[in-house]
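**Q** Encoded as structure tokens, here's the structure I'll be asking about.
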Amino acid sequence: MTSLSYTPPAAGDRPAPFAIPTGLLIGDAWVDSATAARIDIINPSTGETLTAVADGGVAEGIAAVDAASAAAAGWAATPPRKRADILLACFYAMMAEQEWLAQLISLENGKALTDARGEVAYAAEFFRWYAEEAVRINGEMGIAPGGANRILVQYQPIGIALLITPWNFPAAMATRKIAPALAAGCTCILKPAEETPLTALAVAEIMRRAGVPAGVINVLNASDPGPMCSAILNDPRVRKLSFTGSTEVGRILLREAANTVVSASMELGGNAPFLVFDDADLDAAIEGAMVAKMRNAGEACTAANRFYVQREIHDRFVEKLVARMGAMTVGAGCDAATQCGAMINQASIDKIERLVADAVAKGADVRLGGKTLEREGFFYPPSVIANVQPGSDILEDEVFGPVAAIIPFDDPEDAIRLANATEYGLAAYVYSEDLKKALQIAERIECGMVAVNRGLVSDAAAPFGGMKQSGLGREGSHHGLIEYCEIKYIAVSW
Ligand code: NAP
């Protein structure tokens with residue numbers, strides 16, 4: 001087993017050394033589960049077991065609700081400035097540990113260190129952004145049109161929040177929920193993904209050391225999350241569910257949330273189109289494609305899944321993308337040279353293989369890669385498949401891996417129609433040097449987020465979220481804070 005203890009440099013005001021917790025955080029203590037069951041955590045770069053974490057169940061779920069409930073009134077009554085100071089302390093504490101946290105993310109998730117460092121900075125930024133938002137939860141006041149009374153509107157903390165996160169951004173998906181919840185005055189229970197709980201456990205310990213009071217953040221791992229999350233959601237003290245993960249699990253949780261009419265925010269799957277028009281700056285489009293496709297080795301909900309390229313520039317685009325993706329170094333997450341890390345597990349590799357085989361059987365050409373690497377761990381190489389035919393499964397399902405599927409188009413109207421021909425609507429990318437045209441197209445694409453002439457949309461200050469079956473609600477920005485607020489209207493006469 002790899003040693004996971006942590007000893008930061010002694011100098012300065014860094015926190016005291018701590019071993020990465022492997023228990024459940026309930027109230028003020030790291031505890032084991034009643035059954036003492038544990039979940040093995042695998043390093044996807046090697047297939048080796050890193051360590052094992054406590055496996056919670058229904059009893060621990062209810063204990064966490066008790067802890068969050070005990071802390072709720074005190075945290076809601078904590079002055080916004082104090083909440084902001086604590087969140088800012090979390091930002092600095094997390095950034096002080098950027099390198100170590102990045103290594104931990106790479107170890108348990110398999111992503112390249114450069115991607116992991118970027119994730120830590122992005123994740124920490126939610127603490128800073130929401131520290132700034134915590135003191136700006138302003139209400140509204142108006143006069144009733146009839147003139148009889150004033151309309152006073154307040155934003156109150158919605159209550160205890162259950163936060164469920166996926167494995168692909170183990171730090172950022174957690175802080176994108178925790179930070180606005182805490183800024184709004186809510187206490188919370190985080191359920192990280194089974195594959196990557198260590199990062200969440202480390203972030204929670206950093207938060208405790210930065211001054212987050214006991215019970216405000218609780219963390220539960222679970223090998224069978226259904227019954228535990230169901231018990232939590234059916235507890236009437238819980239008033240918020242925020243989920244990031246697959247659309248399939250999102251649908252199950254929405255049904256569960258209906259029992260107690262819990263407010264639900266859903267960040268679900270994507271199937272991002274990447275449109276390149278013949279008036280695009282081709283080199284800029286290739287740079288953007290590399291980010292949109294290869295950040296996190298394609299394991300991102302915003303990852304470009306379908307490249308629609310206008311025929312005049314199609315062959316040159318394919319050629320250049322093959323050259324760039326083919327030059328990438330594939331390797332273990334923690335190796336400094338790695339640019340494309342491991343996939344999360346064998347099921348992920350199986351899905352990529354299935355989608356590529358289906359596309360090829362329906363007429364696509366493999367221009368690069370296209371075959372699982374035979375080595376320890378779970379590795380699929382950067383791959384380009386061109387001439388992908390309508391009806392191929394890869395155009396419907398997110399591949400969630402380093403595979404670029406390319407389709408030529410002639411008529412821009414066709415490109416827009418094809419981009420919208422999916423149940424998903426999370427992110428899209430448009431490349432054209434004609435900004436008027438690009439913005440007109442961006443308005444017509446049925447997605448929550450459109451990147452124009454760039455390959456990255458994520459920003460703590462911007463509203464992140466999807467249309468159609470990609471989700472409900474937004475994270476990040478002021479909108480992300482309002483998801484954790486109840487709107488209270490008081491009619492006043494004076
Ligand atoms: P997933 O299988 O849906 O799992 C997400 C989380 O839900 C995990 O913590 C999982 O726990 C938990 N879960 C599964 N079944 C549950 C149940 N019945 N009750 C309560 N919790 C349950 O998704 P994933 O494979 O981890 O992540 C990949 C997906 O996330 C992709 O579809 C991707 O597009 C999406 N995603 C979306 C966004 C966004 O912002 N829109 C961001 C990142 C990822 P276990 O780990 O124990 O199964």
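**Q** Kindly list, by first and then second residue, each pair from a residue in segment 212-239 that is assigned by TED's automatic domain parsing to the domain that holds residue 483 and small (Gly, Ala, Ser) to a residue that is open to solvent by 30 Å² or more (accessible area, probe 1.4 Å) and within 16 Å of the ligand (Cβ to nearest atom), limited to pairs with Cβ atoms under 8 Å and residues at least 6 apart or on different chains.
**A** Qualifying pairs under 8 Å: 222/194; 223/37; 223/194; 226/252; 230/256; 231/58; 231/62.
**Q** Quick check, is residue 162 under 17 Å from the mean Cα position of the chain (by Cα) and either within 16 Å of the ligand (Cβ to nearest atom) or open to solvent by 20 Å² or more (accessible area, probe 1.4 Å) (or both)?
**A** Judged against the criteria, residue 162 is a match.
**Q** Tally the residues that are of a type outside the set (Gly, Ala, Ser) and surrounded by 19 or more Cβ atoms within 10 Å (Cβ to Cβ), restricting the search to segment 52-77.
**A** Result for segment 52-77: 5.
**Q** Could you tell me how many of the residues in segment 248-286 are of a type outside the set (Asp, Glu), open to solvent by 10 Å² or more (accessible area, probe 1.4 Å) and part of a helix (DSSP H, G or I)?
**A** 10
**Q** Determine which member of the set 271, 305, 296 is out of contact with any strand residue (DSSP E or B) (no Cβ under 8 Å at 6 or more places or on another chain), within 13 Å of the ligand (Cβ to nearest atom) and modelled with pLDDT of 95 or more.
**A** 296
**Q** Still on this model: With 253, 182 as the choices, which residue is away from the ligand (no atom under 11 Å from the Cβ) and not basic (Lys, Arg)? Steps first, please.
**A** Details: 253 fails: away from the ligand (no atom under 11 Å from the Cβ).
Only one candidate passes the filter, namely 182.
**Q** Follow-up. Picking from 226, 215, 139, which residue would you name as being open to solvent by less than 10 Å² (accessible area, probe 1.4 Å) and either out of contact with any strand residue (DSSP E or B) (no Cβ under 8 Å at 6 or more places or on another chain) or more than 20 Å from residue 41 (Cβ to Cβ) (or both)?
**A** Details: 226 fails: open to solvent by less than 10 Å² (accessible area, probe 1.4 Å); 139 fails: open to solvent by less than 10 Å² (accessible area, probe 1.4 Å).
Checking each option against the conditions leaves just 215.
**Q** State which residue is surrounded by the most Cβ atoms within 10 Å (Cβ to Cβ) when the search covers only segment 374-404 and only residues that are outside any loop (DSSP other than H, G, I, E, B) and within 16 Å of the ligand (Cβ to nearest atom).
**A** First, pick out the residues of segment 374-404 that are outside any loop (DSSP other than H, G, I, E, B): 383-386, 393-395, 403-404.
From what's left, within 16 Å of the ligand (Cβ to nearest atom): 393-395, 403.
On the way: 393: 16, 394: 24, 395: 22, 403: 26.
Of everything passing the filter in segment 374-404, 403 is surrounded by the most Cβ atoms within 10 Å (Cβ to Cβ).
**Q** Please verify whether segment 18-27 includes one or more residues that are of a type outside the set (Asp, Glu), modelled with pLDDT of 95 or more and over 24 Å from the mean Cα position of the chain (by Cα).
**A** yes
The values are calculated or read from the model by the stated rules, or taken from the named source; none is laboratory data. Owing to the predicted nature of the structure, the values given are computational and were not obtained by experimental measurement. For neighbour counting, all protein chains shown are included, and Cβ atoms are generated from backbone atoms with ideal geometry for every residue, glycine included. The protein model used for the area step is the full one, side chains on, heavy atoms only, and it has no ligands, DNA or RNA in it. Shrake-Rupley method; radii C 1.70, N 1.55, O 1.52, S 1.80 Å.
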